[in-house]
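Visitor: Structure provided below as structure tokens; questions to follow.
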Amino acid sequence: MAAVFLLLAATLLYQLATHPDSLALSLGPRFTRTLYWTTVQATLSTVLSVLVGTLLAWALSYRTRFVGRGIYIALLSSAMVLPTLVIALGIVTVLGRSGWINEALQWLEFSPFDPFIFGLSGIVLAHVYFNASYVARTLLGRFESIPVEQRKLARSLGLNAWQRFKMIELPSVSGTLPGVSITIFLLCFTSFSIVLMLGGSPKYNTLEVSIYEAIKLDFDLGRALGLALTQLGICAVLIILASRLRKDNRLISAPSANQYQIKDSTMLAGIQHMIIVLFGLIFLLPLIAVITDGMNANFIKLAGDKNFLRALSTSLIIALLSTLLVLFSSVLIAIAYATLATQQRLANNRFSQPLLKLLRFSSTLYLAVPSLVLGLGFFLLARSVGGSQTLWAVFALLTSNVLMVLPFAIAALAPAMVKSANRYDKLAFSLGLKRWSRWRLIESSLVKPELIYIASLAFCMSLGDLGVIALFGNQDFITLPWLLFQKMGSYRTDEAAGIALIMLAITLAVFLLLPHLFASKKAQTEKGYHAEA
């Protein structure tokens, strides 16, 4: 499966590199300005996301017993699957010229502030909204895994909060920060939906948005190809750098770390609570805005809109197919990963390490080849091969969705498969279990939580992505994100708000409720089994 993805990527890159117009881009002021602003916004977004996320994870690691903590952390986890267009719409509702904050200021007889939501500040704010949550959720486990002995020693030595952070907590998360930072930089560097909506002017275009405009507005393939190859080269260098900086990020087992509480001063505890509450409000306000605006939409009229019904059915079908493909691909790659990484199998083979690196690279292709670059490759392939544009659009969209989710899927599934192999290989080999029997009897039950998480993640991320569909979308092939973008562009705000609410409801229901539903069924089954016993 990894070889299939690599071959497909090579085919698309060949289409880009060998096209007659691939070298038509001149390194003029327009290109330099686009590259400059892309780098500036990605750098600012990364720095602020890491700072805010680290601060929030630090506060959460100390305040472990407030009401609703589990829901709070679950919402942080959902940030990566929230549709970017939907959240951008919510941010505009809160911070726009006629937004909630300005209305509140006028009600309190204060002067409203000038809108800053469009332009560089708006782009950075939206990126921090999504990525700081990701950083906090990633680092929280690191903070909580600090051995209890170190915390007791810090207290006995009388270390203050800054000294504890510098000497104990920062070293615990420092191995994770480089990889997380480069990942966030790549996501911001290739940002599309947020910049498209909140950029405000071509001045703040990223390379990704410039590729879209070159194709859809100007039909300048030479410029689009030059931008795509430039972005591809930069992303490839960063991926290589990330692989060299990546360290073992598995959490230290410290089950009692979360039980031990350092009794800080009332002021420090208040600061930690303030950080949690403030970020919670910032996170929830756009969601509440989307819900409030959406409730005012005319859903009866929307239900009679043929374009909406077609977009809804297309999005659900594409999301479901993408989910099945992600599960199939990630399981095969994770099995191969476990085979190459465990001692009782092929870990000692001289080809294992090169093949493992190839597997890791195949699972991170989306970071190296972002959606618009991938879509451009499919666009050129469709022009040269011919055939139905709708079929090419479906194929491109499915491929993009699978590659988008694969890094998260492999990160969740591969360690679980390796753990299963280390624990049960000897037993399975002694019983002569074949691959399917082994998967059915042993591995499928052990990795079921990871599979449910991957399924919900794949469905939600596929439902809300605007990348490839922006190139292939038309009246015959339309999805919910593309329809939402069209409604916003034509200032049909009521309909846009209704679509946004539907997308948000589906996303949160699948991502937050589906894992709990399966967990509840499992608990009921186990309870019934024990009762019978």
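The values are calculated or read from the model by the stated rules, or taken from the named source; none is laboratory data. Everything quoted here is computed from the prediction, not taken from an experiment. Quick reminder, even Gly has a Cβ in these numbers, built from the backbone with ideal geometry, and neighbours come from all protein chains shown.
Visitor: Check off (1) assigned by TED's automatic domain parsing to the domain that holds Val86; (2) without any contact (Cβ under 8 Å) to a residue 24 or more places away in the chain for Ile182 and give me the number that stays unchecked.
Guide: (2)
Visitor: Report, by residue number, each residue of region 28-69 that is closer than 30 Å to Gln163 by Cβ and in a loop (DSSP other than H, G, I, E, B).
Guide: Arg63, Thr64, Arg65, Phe66
Visitor: Okay, next question. Pick out the one residue from Val135, Val128, Val148, Val124 that is in contact with a Ser or Thr (Cβ under 7 Å, 6 or more places away or on another chain) and more than 21 Å from Ile275 (Cα to Cα).
Guide: Values: Val135 fails: more than 21 Å from Ile275 (Cα to Cα); Val128 fails: more than 21 Å from Ile275 (Cα to Cα); Val124 fails: more than 21 Å from Ile275 (Cα to Cα).
Residue meeting the stated conditions: Val148.
Visitor: May I pose another question? Condition first: more than 13 Å from the chain's Cα centre (by Cα) and of a type in the set (Val, Ile, Thr). Now tell me which residues in region 392-432 satisfy that.
Guide: Result: Val394, Thr399, Ile410, Val418.
Visitor: Looking only at region 186-222, filter to residues that are in contact with a helix residue (DSSP H, G or I) (Cβ under 8 Å, 6 or more places away or on another chain) and not in a helix (DSSP H, G or I); which one of those is surrounded by the most Cβ atoms within 10 Å (Cβ to Cβ)?
Guide: Restricting attention to region 186-222, the residues satisfying the condition of being in contact with a helix residue (DSSP H, G or I) (Cβ under 8 Å, 6 or more places away or on another chain) are 186-200, 202-216, 220-221.
Now restrict to residues that are not in a helix (DSSP H, G or I): 190-192, 199-200, 205-206, 220.
Details: Thr190: 26, Ser191: 26, Phe192: 22, Gly199: 21, Gly200: 17, Asn205: 21, Thr206: 29, Asp220: 16.
Ranking the candidates gives Thr206 first.
Visitor: Output yes when any residue across region 297-314 is of a type in the set (Asp, Glu), in a helix (DSSP H, G or I) and either within 30 Å of Met461 (Cβ to Cβ) or at pLDDT 70 or above (or both), and no when none is. Explain how you work it out, then say what you get.
Guide: In the first step, residues of region 297-314 are kept if they are of a type in the set (Asp, Glu); the result is 305.
With the extra rule that they be in a helix (DSSP H, G or I), the set shrinks to none.
Looking through region 297-314, none of the residues is of a type in the set (Asp, Glu), in a helix (DSSP H, G or I) and either within 30 Å of Met461 (Cβ to Cβ) or at pLDDT 70 or above (or both).
Visitor: Give me the helices (runs of 4 or more DSSP H) completely within region 370-439, filtered to those with at least 3 residues that are touching a residue at least 24 places away in the same chain (Cβ under 8 Å) and more than 19 Å from Leu324 (Cβ to Cβ), ordered by residue number. I'd like the intermediate steps shown before the answer.
Guide: Values: elements: 371-385, 389-431, 435-438.
Filter on region 370-439 gives 371-385, 389-431.
Visitor: Within region 75-132, take every residue that is among the aliphatic types (A, V, I, L, M) and assigned to a loop (DSSP other than H, G, I, E, B) and give me the one that is farthest from Cys188 (Cα to Cα). Steps first, answer last, please.
Guide: Within region 75-132, the subset among the aliphatic types (A, V, I, L, M) is 75-76, 79-82, 85-89, 91-92, 94-95, 101, 104-105, 108, 117, 120, 123-126, 128, 132.
Pick out the ones that are also assigned to a loop (DSSP other than H, G, I, E, B) and you get 82, 108, 117.
Working: Leu82: 16, Leu108: 37, Ile117: 17 Å.
Applying the filter and picking the extreme gives Leu108.
Visitor: If the Cβ limit is 7 Å and pairs must be 6+ apart or interchain, which residue in region 290-314 that is farther than 18 Å from Leu89 by Cα and in contact (Cβ under 8 Å) with a residue 60 or more places away in the chain pairs with which residue that is polar (S, T, N, Q) and surrounded by 14 or more Cβ atoms within 10 Å (Cβ to Cβ)?
Guide: Ala311/Thr479; Thr314/Thr479
Visitor: Hey, another quick one. Of the residues in region 463-483, how many are among the charged types (D, E, K, R) and assigned to a helix (DSSP H, G or I)?
Guide: 0
Visitor: Of all the residues that make up region 58-85, how many are within 15 Å of the chain's Cα centre (by Cα) and either at pLDDT 85 or above or not polar (S, T, N, Q) (or both)? Outline the logic, then answer.
Guide: First, the residues of region 58-85 that are within 15 Å of the chain's Cα centre (by Cα): 74-85.
Applying the additional criterion that residues be either at pLDDT 85 or above or not polar (S, T, N, Q) (or both) yields 74-76, 79-85.
Number satisfying all stated conditions: 10.
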